[in-house]
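Below: the structure, in structure tokens.
The values are calculated or read from the model by the stated rules, or taken from the named source; none is laboratory data. Predicted, not measured: the structure shown is a model, and the values here were computed from it. When we count neighbours, we look across all protein chains shown, and the Cβ atoms used for this are built from the backbone with ideal geometry, even at glycine. Surface areas here come from the heavy atoms of the whole protein model, side chains and all, with no ligands, DNA or RNA. Shrake-Rupley method; radii C 1.70, N 1.55, O 1.52, S 1.80 Å.
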Amino acid sequence: MEKAKFTVYGEPKGKGRPRFNTKTGHAITPKDTVSYENLVKLEWQTAYGTESFPKEAMLDMRIKAYYRIPKSASKKSCDAGRRGASDQEARYG
């Protein structure tokens, strides 16, 4: 496989920090992280089935994430975000 491309719909989600059980020493992954990882896995399987890259292959991954503009954002920063300006440009013109 030379190249792969697939889309995961919905709000992008960062990986949550694991919690550690002090009695057993095991790490517990947050449920919302597991849920989102399974969503990504499902989208991959929908697009490519069981096909995968060789284990020794070096991968170059590019991710485009689109977030909603928060309701707390000012009108000026909303306009800057829509035209693709950085936070620095939005603040200082």
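Some points to look at:
- Scanning the range 1-11 for residues that are modelled with pLDDT of 90 or more and surrounded by 10 or more Cβ atoms within 10 Å (Cβ to Cβ) yields 6, 8.
- Of all residues in the range 16-37, those satisfying the criterion of being of a type in the set (Gly, Ala, Ser) and either in contact with a Leu (Cβ under 7 Å, 6 or more places away or on another chain) or surrounded by 10 or more Cβ atoms within 10 Å (Cβ to Cβ) (or both) are 16, 27, 35.
- Residue in the range 82-92 that is open to solvent by 100 Å² or more (accessible area, probe 1.4 Å), farther than 24 Å from residue 9 by Cα, out of contact with any Cys (no Cβ under 9 Å at 6 or more places or on another chain) and modelled with pLDDT of 75 or more present: no
- Residue selected from the range 38-81 under the condition open to solvent by less than 90 Å² (accessible area, probe 1.4 Å) and among the aliphatic types (A, V, I, L, M), by the criterion farthest from residue 5 (Cα to Cα): 73
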